[in-house]
Amino acid sequence: MAEILPVDEAMDSALALLGAGDVVAIPTETVYGLAGDATNGEAVARIFEAKGRPRFNPLIAHVCDMEMAERIGRFDPLSRRLAEAFWPGPLTLVLPLREEAGIHPLVTAGLSTIALRMPRGFGGELIARLGRPLAAPSANSSGRISATTAQAVAADLGRRIRLVVDGGATPVGLESTIVKVEDGALHLLRPGGTAAGDIEAVTGTALARGATGVQAPGMLASHYAPRALLKLNVLVVNPGEALLAFGPHRVQGWKQAVAVKNLSETGDMREAAANLFAYMHELDRSGATTIAAEPVPAQGLGEAINDRLSRAAAPRDGPA
Ligand code: TXA
Ligand code: MG
C-alpha cells in the first residue's frame with residue numbers, strides 16, 4: 001500500500017522516488033496528479049501503467065517558473081500574457097514544443113505541441129527542487145473521476161504506487177482549463193478551473209470553442225501515422241522493409257530489413273512504451289517505404305502500445 005505523508009514531511013521521499021524514475025501522487029490546486037519526471041520515458045510509462053490507461057493520451061508538463069516554461073514551449077505575446085495573468089493556477093496552455101527541451105515523446109504522445117501548467121503550492125516547490133518538469137495526469141485509474149483528496153487517491157491507486165502526498169482537499173476541485181494558443185488565436189480545449197470569461201477579459205480575444213480546427217489528439221485515427229506504410233503483427237519481413245521488433249525472438253526474414261529497432265529485447269512493456277514514438281520516427285527516417293511491426297502482446301501497457309500502432313497503421317484521412 002502507498003504511504004500517505006503530509007506535505008510538510010513528504011518532500012525528501014517524493015524527491016527520492018522521482019529521482020529514481022518512480023511516480024508520486026501529489027496535490028495541486030485543481031485535483032491530485034500522478035507525477036513522474038517528464039524527461040524520463042520509463043517514469044512516464046509508469047504513469048500510464050499505474051492508471052491502467054488503454055491509450056497514450058498526451059500529458060500536461062508541470063513547471064515551476066517561466067524560465068523552465070520558456071525552455072519547453074514557444075511562447076508568443078498572447079501566451080505570455082495568459083501566463084502572467086493566471087500562473088501559478090488552474091490554466092494549461094498548449095503551445096509549440098521546443099524539440100530540444102528534453103521532454104520525453106511519451107509525454108506529448110509524439111505531438112509537436114506541449115501542454116504546460118504551473119501549479120500552486122507543493123507541486124511547484126517539488127519541481128523547483130527536482131529541477132525538472134513533471135508530467136502528471138489526474139491521479140485516478142482510467143475511467144474513474146479525478147481525485148480531490150489523498151484518501152481517494154490511495155483507495156484507487158494505493159496498491160500500484162509507493163507515495164501519496166497529502167495536501168488536504170484540493171481547493172479548486174476540478175481540472176485546469178486547457179487553452180491552445182495558435183497563430184494569435186485561442187481555442188478552448190477543455191473548460192475547467194479558470195473561467196473562460198476571465199481569459200477573454202485579460203486577452204481581449206474570444207475563445208474559439210468546439211471542434212473548429214482543433215481536435216482532441218488521438219481522435220484522428222491516423223494522427224500519429226509515419227510517412228512509411230506500417231504493417232502490424234507481421235510474421236515475415238520482406239527485403240527493403242524496416243522492422244519494429246519486440247522481445248528476444250525475431251520473425252522470419254528479419255536480416256533483410258534495412259533498419260531494425262527493438263522496442264525491448266527482454267519484452268519489458270515499460271521499456272517498449274518509452275521507446276515507441278522515438279523508434280517509429282527513427283524507422284520512418286530510414287527511408288523504407290514500409291515498416292513491419294512484430295506482434296506485441298496486449299498485456300498491461302501492451303494494450304496502449306497496440307492502440308497507438310493500429311492508429312499509425314490506419315488508412316490516412318483526408319488530403320495531406
Ligand atoms: O488540473 C489538471 O489539469 C490536472 C492536474 C493534475 O494538473 N491534470 C489533468 O491531466 O487533468 P489529464 O491528463 O487528466 O488531462 C490532460 C488533458 C488531456 O485531455 C489531454 O488530451 C490534453 O490535456 N492535452 C495534453 N497535451 C495536449 C496537447 N499537446 N494538445 C492538446 N491537448 C493536450
Ligand atoms: Mg484525467
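Kindly write out, for region 259-264 in residue order, the coupling ³J(HN,Hα) from the Karplus curve 6.51 cos²θ - 1.76 cosθ + 1.60 (θ = phi - 60°), rounded to whole Hz, with x marking Gly and Pro.
Result, rounded to whole Hz: 7, 9, 10, 9, 4, 6.
Using 7 Å Cα-to-Cβ label points, what is the residue 236/residue 281 separation (nm, one decimal)?
In this crude label model, residue 236 to residue 281 measures out at 3.4 nm.
Go ahead and set up a Gaussian network model of the chain, Cα springs under 10 Å, then flag whichever of 55, 80, 120 fluctuates most.
For the chain, modelled as a Gaussian network with Cα springs under 10 Å, the answer is 80.
List the residues, sorted by chain then number, that are 5 or more residues from residue 113 or on another chain and whose placed amide H is less than 5 Å from its amide H.
Excluding prolines and chain starts, which carry no amide H, the hits are 97.
Between 248, 295, 105, which gets the highest mean-square fluctuation from a Gaussian network model of the chain, Cα cutoff 10 Å?
Greatest mean-square fluctuation among the candidates belongs to 248.
Go through 269, 1, 68 and list them by solvent-accessible area, largest first, probe radius 1.4 Å.
The most accessible residue leads, giving 1, 269, 68.
Pulled fully out, how much extra length does the chain show between residue 142 and residue 206, if you take 0.36 nm times their separation in residues and subtract their Cα-Cα distance?
Residue separation times 0.36 nm, minus the Cα-Cα distance, leaves 19.8 nm.
Can you tell me the convex hull volume per residue for region 1-67, based on C-alpha atoms, in Å³ to the nearest whole number?
125 Å³
What three numbers, in Å, describe the spread of the alpha carbons of region 229-312 along their principal axes, ordered from the longest?
If we take the Cα atoms of region 229-312, the spans are 32, 23, 17 Å.
Would you kindly derive the ³J(HN,Hα) couplings of region 183-190 from the backbone phi angles with the Karplus curve 6.51 cos²θ - 1.76 cosθ + 1.60 (θ = phi - 60°), listing them in order in whole Hz, with x for Gly and Pro?
6, x, 10, 10, 10, 7, 8, 8
Grab the DSSP H runs of the chain that are 4 residues or longer, score each as -39,500 (n - 2.57), total them, divide by all residues and round the 222 nm result to the nearest 500 deg cm²/dmol.
Taking each H run of at least 4 residues, the total per residue is -9000 deg cm²/dmol.
What do you get for Rg/Rh of region 1-135 when both radii come from the Cα atoms and Rh is the Kirkwood radius?
0.95
If you keep only loop residues by DSSP, which trypsin sites (Lys or Arg not before Pro) in region 230-263 have at most 13 other Cβ atoms within 10 Å of their Cβ?
Sparse-neighbourhood loop trypsin sites (Lys or Arg not before Pro): none present.
Could you pull out every residue, at least 5 positions away or on a different chain, whose amide H is within less than 5 Å of the one on residue 186? Hs are placed 1.01 Å off N in the peptide plane, and Pro or chain starts have none.
So residue 186 has HN proximity to 208.
Based only on Cα atoms, what mean projected area does the convex hull of the chain have, in nm²?
The orientation-averaged projected area of the Cα hull of the chain comes to 16.1 nm².
Pop out the ³J(HN,Hα) list for region 40-52 in order, Karplus 6.51 cos²θ - 1.76 cosθ + 1.60 with θ = phi - 60°, rounded to Hz; leave Gly and Pro as x.
10, x, 6, 5, 5, 4, 4, 4, 5, 4, 5, 7, x
Please report the net charge: other residues with Cβ closer than 13 Å to the Cβ of residue 88, K and R +1, D and E -1.
-2
How much accessible surface does residue 178 have with a 1.4 Å probe, in Å² rounded to 10?
About 30 Å², ignoring ligands and nucleic acids.
Using a Gaussian network model of the chain whose springs link C-alpha atoms within less than 10 Å, name the residue from 289, 28, 148 with the highest mean-square fluctuation.
Comparing 289, 28, 148 in the GNM, the peak value goes to 289.
The values are calculated or read from the model by the stated rules, or taken from the named source; none is laboratory data. This one's a predicted model, so the numbers in the text were calculated from it and none came from an experiment. Virtual Cβ from ideal backbone geometry, glycine too; neighbours counted across all protein chains shown. The area values use the complete protein model at the heavy-atom level, side chains included, leaving out ligands, DNA and RNA. Shrake-Rupley method; radii C 1.70, N 1.55, O 1.52, S 1.80 Å.
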